[in-house]
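Presented below is the structure to which this report refers.
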Amino acid sequence: MSSISRKIWVSLKEDRFLRWGALTAALLTVPYWFPLFSADWQYRYGDLYLEIPLIVLTLAAVFTTVRRSGSVEKHFWKLWTVVLGLWLTAKLLNLVPPADLHQELWFAFVKDAIYVAWYLFIVLALELQPHRKPASSTKPLLISLERAGATLFTFGLFVYFALIPGLANARVYESYVPSTSFYVALDAYVVLRLSVLVGAGASPRWKAIYGSLLSAAVLWLATDTIEMLMLAEVVPFVNAGTPLDLAWLLPFGPLLLAASIGRTNTTIERENDSRAGGARDWVRAIRGGPLVVYAMSAPILHVGLYSAGLLDALFRPERETCAFLLACILAILAAAHEKLLLDDNRRLESDKARVTAEMEHQRYHDTLTGLPNRVLFLDRLARILPRSKRDGHKAAVLYLDLDRLTAVNASLGHPFGDALLQAVARRLEANVRREDTLARMGGDEFAFAIQAIRRVEDAAKVAAAHLESLRAPFVIGGQEAYVTGSIGISIFSEDGEDETTLMKSAQIAMDRAKERGGDACELFAPEMNARTRERLEIENSLRAAVERNQFVVHYQPIIELSSNHVSGCEALIRWQHPVRGLLFPKDFLDLAELTRVSRQLRPWILRTVCDDLARWKQDGEGELTVAVNLSARQLLEPGLVEEIQVALEKARLEPRVLELEITETLIIEDLETTSKTLGEIRRLGVRISVDDFGTGYSSLSYLQRLPIDILKIDQIFLSKTDNTAILAAVVAMAKSLGLSVTAEGIEREEQLARVKGLGCDRAQGYFFGPPVSSQEFASRFKRGTYGAKPLDRYHPAEHAKRVG
């Protein structure tokens with residue numbers, strides 16, 4: 001059963017208005033089947049009392065539909081309420097008998113006016129066209145042609161039945177024939193407009209509504225035509241009070257059904273093409289052919305009426321002319337209508353083909369860069385491998401991950417990052433051979449399928465060329481950006497026999513290249529699998545470590561060289577692994593950065609350090625300062641300033657006791673963003689230091705542009721006495737910028753003497769003590785002067801033996 005038929009059947013079964021309507025109609029028709037009363041009484045009964053209850057019942061049904069509808073639907077059913085109200089008013093006027101001929105004529109005029117208004121509101125309701133199919137580019141012109149055809153057809157009917165006889169005999173106008181023929185023409189207009197809407201309905205529900213209203217309009221047309229033919233004495237006149245009067249009851253059934261379907265607010269979804277089949281073709285025929293039907297109806301109606309002998313031959317020439325002209329004009333309109341529909345269908349088919357092609361392209365290509373996506377890449381790789389095996393050539397998979405795109409997105413925004421990805425794709429694409437494939441695998445990852453290579457070194461050369469192409473700056477919107485990449489290489493068939501294994505091997509090698517610092521390529525080696533498994537185990541344990549509070553903070557003292565007092569300490573995170581023991585940052589911190597666990601660690605470290613500072617102060621240890629290291633990712637992620645402020649406020653500490661350390665490399669990578677974030681931190685009152693100065697490739701000129709308080713010189717300057725001149729220059733320049741200088745990595749007494757002589761302000765290293773827990777730091781490193789005993793006790797060599 002189709003959706004429309006099912007909807008009608010459900011309405012017939014469940015709607016109480018339909019059930020009461022059927023029962024009422026059945027009871028009201030009893031007198032017609034059993035002639036128990038006089039014909040005159042049955043005339044009065046049928047004309048006045050038979051239709052009124054059904055009108056009221058239908059009016060109630062439509063009114064309840066108004067209450068359950070929304071937007072355009074509500075206005076549609078409101079207009080039908082007015083239609084039924086006008087119908088009821090006209091019938092109620094029949095209850096008032098006219099006093100004289102003048103009043104009778106006046107009543108007739110009023111009733112005609114009501115019926116004209118009745119048709120007007122029906123047309124207004126149909127013009128709302130709720131739930132018509134989506135508009136096309138030619139919709140306005142198509143609708144105009146449909147309206148013109150319906151109007152001409154109905155006007156032609158009026159001319160044919162009323163105007164032509166009236167021109168020959170004025171007495172025709174004194175009868176009810178002209179007005180009845182006018183109603184017949186309006187009925188025909190409504191029928192033809194509804195036939196268009198049935199074809200244009202956007203859902204089975206509204207097709208059923210329009211179809212029910214069309215059935216009612218057809219019944220009105222039939223009854224009005226019968227009445228007109230009887231009044232014009234074309235067919236024998238039948239007096240009222242016979243079962244023929246029941247024909248005027250029939251339209252109430254479709255009207256009640258339409259209201260019932262309208263009250264179900266859940267729209268039936270369109271059936272798919274496989275289920276619709278011929279029904280869709282029938283709908284297209286109705287939508288495309290109403291004007292063809294109009295054009296054919298005029299001559300068929302004319303020939304049929306005269307062939308049956310229903311019209312006399314007096315006005316036959318004039319009526320033939322009318323039917324011929326009407327058919328010609330409507331045929332021209334029909335041809336124009338069909339031409340527009342054909343053009344529209346061709347456009348729709350072209351658009352459909354284009355959309356299908358675009359969807360097919362999007363299925364296998366990345367929307368941002370236009371490169372092949374993972375699906376297409378794996379498909380092409382699966383085709384390359386058998387060919388390489390057959391020809392005896394090698395094939396390679398290169399897996400590329402950009403090193404700094406996350407920082408770029410955080411500092412310059414995702415739109416800039418997307419534009420940068422597009423520029424990277426174009427640059428990589430320019431170096432790809434026609435027989436090879438470049439694809440974007442998602443995020444900032446790309447993959448290359450390289451075929452027909454003879455040596456492993458050839459794949460390495462291709463990877464090196466791509467890395468070299470990325471090193472040149474990218475200019476996006478007038479702003480320069482720098483990115484590098486890490487590439488992993490797997491070779492068929494040494495590192496895998498299928499595309500899945502080759503991809504996995506290339507990704508493992510890429511991770512190894514990233515661990516080496518990025519901007520490098522790495523060939524897959526079997527031992528990497530063991531390292532990857534170990535890393536995966538650590539990664540899984542790392543995520544659980546945050547929830548299980550397995551991280552601890554150790555503190556290493558920082559000495560004020562002018563007084564030999566402990567002025568502060570550096571906070572260093574450790575992982576108390578349940579199986580592997582105490583792990584240092586080099587064992588897990590890079591992995592924490594990659595897995596975003598560092599995002600959870602940052603607020604925890606700040607809270608822990610501030611709580612330890614507050615406890616030391618409360619225990620009388622004095623006001624120490626603590627330096628906390630921040631990685632590039634931690635500094636660039638949002639919320640840092642708020643986290644610092646919250647940690648200080650909860651511990652009731654002054655901001656000056658906290659010192660944040662950043663690396664020299666971080667300054668160089670993103671100077672603008674770093675400067676902005678550090679400025680906000682500095683305004684809180686927190687001090688900023690640059691850690692490991694001298695390991696990068698910057699100059700002191702960068703420090704002039706940043707809100708820096710302290711410069712920490714890396715121990716590389718202390719490893720050789722040859723660096724004394726460089727160290728002295730760095731200290732002098734830092735002092736000229738108003739910066740405090742801390743020397744790191746002090747392990748021997750002569751190193752301490754050197755940095756004191758050069759004017760360093762503070763020193764740090766195993767010579768003074770190792771990083772220890774909060775409780776041990778509080779008990780061993782109180783403020784005071786250090787003698788020989790503590791130095792001997794914490795000799796770095798001995799400490800190295802203890803910690804392994």
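The values are calculated or read from the model by the stated rules, or taken from the named source; none is laboratory data. From a predicted model like this one, the values you see are computed outputs, not experimental measurements. Here Cβ is always computed from backbone atoms with ideal geometry, including for glycine, and neighbour counts include all displayed protein chains. Protein only, heavy atoms only, side chains kept; ligands, DNA and RNA dropped before computing areas. Shrake-Rupley method; radii C 1.70, N 1.55, O 1.52, S 1.80 Å.
Numbers at a glance
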item: Kirkwood Rh in Å, taken over region 546-620 so that all alpha-carbon pairs contribute; result: 14.0 Å
item: Space enclosed by the convex hull of the alpha-carbon atoms of region 605-660, per residue, Å³; result: 65 Å³
item: Measure of compaction for region 374-482 (Cα Rg per 2.2 N^0.38 Å); result: 1.18
item: Carbon/sulfur fraction of accessible area - region 359-468, other protein chains in place, 1.4 Å, %; result: 50 percent
item: Packing-based ranking, highest mean first, of 475-488, 180-193, 759-772, 352-365 given that Cβ atoms within 10 Å are counted; result: 180-193, 759-772, 475-488, 352-365
item: Apportionment of accessible area to carbon and sulfur, region 566-627, percent (1.4 Å); result: 51 percent
item: When each of Lys389/Lys504; Lys389/Lys586; Lys650/Lys676 is checked by Cα-Cα distance, pairs over 31 Å; result: Lys389/Lys586
item: Protection proxy ranking of 291-302, 315-326 - average other beta-carbon atoms within 10 Å, highest first; result: 291-302, 315-326
item: Cα shape, region 424-549, gyration tensor, a/c 1.5 rule; result: oblate
item: Sequence ranges 636-647, 203-214, ranked by mean other-Cβ count within 10 angstrom, highest first; result: 203-214, 636-647
